[in-house]
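Below is one structure, written out as structure tokens, with a few remarks after it.
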Amino acid sequence: MSQFHRPRKRFGQNFLNDQNVIAATIAAAQLSEHDHVLEIGPGKGALTDKILPVVEQLDIIEIDRDLARQFTERQTEKLSVHVGDALKMNWSEILQQPPYKLVANLPYNISSQILFKMISHRDLFERMVLMFQKEVGDRLRAEPGRKEYGSLTVLCQLWFDVSRVMLVPPSAFTPAPKVMSEVLCFKRRQTPRAEVKDAAFFARVVKASFAQRRKTLRNCLQAGGFSTEQVDKAAAQADIDLRRRGETLDIQEFSRLSDQLQALL
Ligand code: SAM
């Protein structure tokens, strides 16, 4: 049936047709017979069919009921099919046997939301190999001071070592998207890049710091709900100039600032 499936734009359906890209993605996941894997958006199975034979357990989440049917028909103890929206599903409930490897050619319109969700469930994942629009890849690998550097960069790089597997041209997909893509590998670090006392609070500070791009850190933090007094004191303790912009702070500086702000609450 999948042969005659008309790609659905609203689900970001660009199916991989390039065997080299498929092989490089699978190789980067370093799969073995003991692995548990989550694939989001298996589509017609370009990656799924390579993953399933070599791992112990594969969970897939597919929103498109028509595409999911081919997998539900093949469901076994080894293959669990979850039909629905990966953003709305409770991953902790589905993924009962961590650690998992996450492999996905993600629909571009939800890739940032998937990443934020993945970060909040980071303990479940040891390694992830994900396809993004190249612009998103640039953001995830960005260094402080670059315009691509943002909250997603900081939050990903805190927990994961991020590297490029390969650039992927539009011709690798059917239908071809208008933009270049990129496969990235995320390897969870043994210890985070900076010590963070409270990860949720750190995320709040980082998001507030990037919320208004052209504003100073002082304005951003105040707009994020911190008082002038709190911001001034914390910045002094953390030795950070509040006239700077969020995109100039490295992860260690964000961690100092976040810990100092929290100590004042
Ligand atoms: N993995 C296949 C491949 O590489 O050829 C398909 C990739 S296609 C870019 C994205 C897939 O994600 C589609 O199968 C689409 O139906 C599915 N999808 C889109 N939004 C989703 C969501 N919110 N939750 C789960 N799957 C989703």
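In this structure S32 has an accessible area near 50 Å², from a 1.4 Å probe over the protein heavy atoms.
Solvent-accessible area per residue in the chain equals 49 Å², computed with a 1.4 angstrom probe and all protein chains kept. Relative to the longest principal axis of the Cα atoms of the chain, the long axis of helix 251-263 makes an angle of roughly 60 degrees. For the cross-link pairs K207/K233; K147/K207; K197/K233; K9/K147; K9/K207, the ones whose C-alpha atoms lie over 24 Å apart are K9/K147; K9/K207. Here segment 234-265 is scanned for amide nitrogen atoms under 19 Å from the site 7 Å beyond the Cα of T216 along Cα-to-Cβ, giving 234-250, 254, 257-258, 261.
Classify segment 1-125 from the C-alpha gyration tensor, please: rounded if a/c falls under 1.5, else prolate or oblate depending on whether a/b exceeds b/c. Rounded, since a/c falls under 1.5.
Pairs of C-alpha atoms in the chain farther apart than 27 Å represent 42 percent of all such pairs. For segment 178-245, the fraction of 1.4 Å probe accessible surface lying on carbon and sulfur atoms is 45 percent. Helix 228-238 sits at what angle to the longest principal axis of the chain, using alpha carbons and giving 0 to 90 degrees rounded to 10? Once rounded, the angle reads 80 degrees.
The apolar share of the surface of segment 5-56, taken as the fraction of accessible area on carbon and sulfur atoms (1.4 Å probe, ligands and nucleic acids excluded), comes to 49 percent. Dipole orientation for the chain: of the candidates V81, L38, L167, L167 has the Cα lying most toward the positive pole (charges on Cβ; Lys, Arg +1; Asp, Glu -1). Label point 7 Å out from E73 along Cα-to-Cβ: which residues of segment 1-33 have amide N under 20 Å? Under cut-off, by backbone N: 1-8.
To the nearest 10 degrees, how steeply does helix 199-210 sit against the main Cα axis of the chain, on a 0 to 90 scale? Taking the Cα atoms of the chain, the angle to 199-210 is about 80 degrees.
Measuring from a point 7 Å past the Cα of N109 along Cα-to-C-beta, which residues in segment 131-156 have an amide N at less than 20 Å? What the label zone holds, given the 20 Å backbone N cut-off, is 131-137. Can you pull a Stokes-Einstein diffusion coefficient for segment 87-153 at 20 °C (1.002 mPa s), Rh from Kirkwood over Cα pairs, as a whole number of µm²/s? Stokes-Einstein gives a translational diffusion coefficient of 166 µm²/s. Normalised by the number of residues in the chain, the mean separation of alpha-carbon contacts (under 8 Å, six or more apart) gives a relative contact order of 16 percent.
Charges were assigned to the Cβ only: +1 to each Lys and Arg, -1 to each Asp and Glu. The resulting dipole of segment 199-263 about its Cα centre is roughly 360 debye.
When exposed loop sites are taken as GluC sites (Glu not before Pro) in a DSSP loop with at most 15 other Cβ atoms within 10 Å, the longest stretch of the chain clear of them is 78-194.
The values are calculated or read from the model by the stated rules, or taken from the named source; none is laboratory data. Given the structure is predicted, the values throughout are model-derived calculations rather than measurements. Because the Cβ atoms are built from the backbone with ideal geometry, glycine has one as well, and the counts that use them run over all protein chains shown. Just so you know, the surface numbers come from the protein's heavy atoms only, side chains and all, with ligands and any DNA or RNA stripped out. Shrake-Rupley method; radii C 1.70, N 1.55, O 1.52, S 1.80 Å.
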